[in-house]
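J.: Next up is a structure, given as structure tokens.
The values are calculated or read from the model by the stated rules, or taken from the named source; none is laboratory data. What you see is a predicted model, and the numbers here were worked out from it, not measured in a lab. Positions of Cβ are backbone-derived with ideal geometry, glycine not excepted, and every protein chain shown enters the neighbour counts. With ligands, DNA and RNA removed, areas are computed over all heavy atoms of the protein, side chains included. Shrake-Rupley method; radii C 1.70, N 1.55, O 1.52, S 1.80 Å.
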Amino acid sequence: MKKSSILWTFIMLMLAVGMSGCSGDDDPNFDEIIEKGKIGELLTPLYSSDIVNWYDRNMYWETVGKWNWQVLVDCEGRFHGCTFWDTPNGIPESLEKLYAAPSSIDELNGLLYTIDDNYELRLDTVEHYTPDAAGNPRRGELYLEYYKGVRVFDGQYFCLFSTSPKGDRIAHCSGQIITFDPLDVVPTLTPQQALKIFSAYQKEPIDPSWECHLHVREYNIKTEKDDSYAKLLRREHRLVYIVLGPYYQYRHWDFGMVTTRIRADIDAHTGQIIVIGNEGYYRL
């Protein structure tokens, strides 16, 4: 079959799926095209893993405000963390400085980042730690970012609280909030259809252990083979299914043999495989 015929067949399939509103995972036309491998080169990942998320943040610390807060900023001016109160060399800074720190993650909006009602930070985990050098109880809270109710890939914020005599205060926070251009978060494809696309790529049947997670994701694409930054980066925002497939092992340069999983990012509207990689350390 000619490449043009393959492409046309796949486009017609996507239009049919879109018009039917993905009425079911048992669409015989979809199954036939996927199972017979008729989508050809569209199973080829759009990008190679070595150019996706090429993002040299070039971060640096700067001192801001009357309390000399230490803020971590990248070269685009995006904040990635802040130390509001510290215990350098085991000696606590003044309690007045701790009292001036934010008391909740809500107070960081407008201070370190700005998000509207399309975004939400949901508390995921809480951990309790030994008291700080001033004797204040401490706890850590991890928040995961959502855009229009859909999980943002790699969007999260961690806050370390010290419970002072005047209540909870954020001593330190770190992470990144990712903002998006207007994005349709209602998928055209179903999770089962994404699994079938991945199955066709792997050339093996769907295994019950495989997982499929819907995310919105920012892709940082390296556009030239160069180590400089500003002019060589293109961003794309997509609604994707992240499919976790078979386990495999590889030798990590620092950790030795590591067990991970093959991961595929599949566009939730078109079915295009964006990139193939491994599971990594991101919380899905």
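J.: Could you let me know the centre-to-centre spacing of region 168-193 and region 75-126, using Cα atoms, in angstrom?
T.: 19 Å
J.: Rg and Dmax of region 119-212, using alpha carbons, in Å: what are they?
T.: 19.8, 61
J.: Another one. Through the Karplus equation 6.51 cos²θ - 1.76 cosθ + 1.60, θ set to phi - 60°, convert the phi angles of region 197-205 into ³J(HN,Hα) values in whole Hz; use x for Gly and Pro.
T.: Couplings: 5, 5, 4, 5, 5, 6, 6, 8, x Hz.
J.: Note down the accessible area of residue 255, probe 1.4 Å, to the nearest 10 Å².
T.: Number for this one is 130 Å².
J.: If packing is taken as the average number of other Cβ atoms within 10 Å across a peptide's residues, how do 184-192, 267-275, 144-152, 125-133 rank, most packed first?
T.: Put in order of decreasing packing, that is 267-275, 144-152, 184-192, 125-133.
J.: Next up: Give, rounded to the nearest 20 debye, the magnitude of the charge dipole that region 120-191 has about its Cα centre when Lys and Arg contribute +1 at Cβ and Asp and Glu contribute -1 at Cβ.
T.: Its charge dipole is roughly 280 debye.
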